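Asks: After the structure tokens below, expect a handful of questions from me.
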Amino acid sequence: MLKNKTEPMMKKLLILIFCGLSIIAKSQTASVEKSTYGIQTGFLGIWVHNEKKLSNQTTLRSEIGFDTGLWGGSFYEKTGFVLMPVITVEPRWYYNVNKRVKKGRRIEGNSGNFISLKTSYHPDWFVISNYDNLRVAPDISIVPTWGIRRNIGNHFTYEAGIGIGYSYFFAKNARYLENEGDVAVNLHLRIGYRF
């Protein structure tokens, strides 16, 4: 009879221990989302993106869209603009997801602070501009970036980032004088919609 009374108590105790360990494990291993898609816009472009989970705190963001260029002044006959296609691959490390969960803050949609290596390529496919026959030299840039991403409600996001890196222009391929490298700056402020 004693055996029959202790078995249900042991089962309850094991279930309680298992649940407790599960809660502790979940609180210590907060994770970015498996995959998230969205569209973002800012002052200088529009982009469609996907972020795939690589580990609990890292993602690989792929992005395609249009970057904008503006120019003007007395040297030009009119103020100009150009929209050029851009392809971006960006590994991101969301370094504070565990801290955000412990403080009761949201991490849905990969909301958090991140450090990334933004690698962008502007191909010489086509441009949209208010100047006729405008061409741009293709370029690639690699910019280490620090940023934040936050959610507004369930689907809207905002993101800000800053970084300084290197850009290389393939000018000879675009019939310009010579190839050259330059400093690249990533300063962005975007709002977006997450699907």
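Asks: For F81 and E108, FRET efficiency with R0 = 35 Å and r from the beta-carbon atoms, rounded to 0.05?
Replies: For E108 and F81, the calculated efficiency is 0.50.
Asks: For D182, D124, which order do you get if you count the other beta carbons within 10 Å of each Cβ and list the fewest first?
Replies: So the residues, fewest neighbours to most, are D182, D124.
Asks: Go ahead and run the numbers for FRET between S31 and H155, Cβ-Cβ distance against an R0 of 25 Å, rounding to 0.05.
Replies: 0.80
Asks: So if each residue of separation counts as 0.36 nm, and I subtract the Cα-Cα distance between A171 and L60, what length gain in nm does that give?
Replies: Result for the pair: 37.0 nm of gain on full extension.
Asks: What is the calculated FRET efficiency for I162 to F126, with r their C-beta to C-beta distance and R₀ = 22 Å, to the nearest 0.05?
Replies: Approximately 0.15, to the nearest 0.05.
Here, each number is a calculation from the coordinates, and none is a lab measurement. Computed from a predicted model, the values in this text were never measured in an experiment. Every residue, glycine as well, gets a Cβ built from its backbone with ideal geometry; the counts of neighbours run over all protein chains shown.
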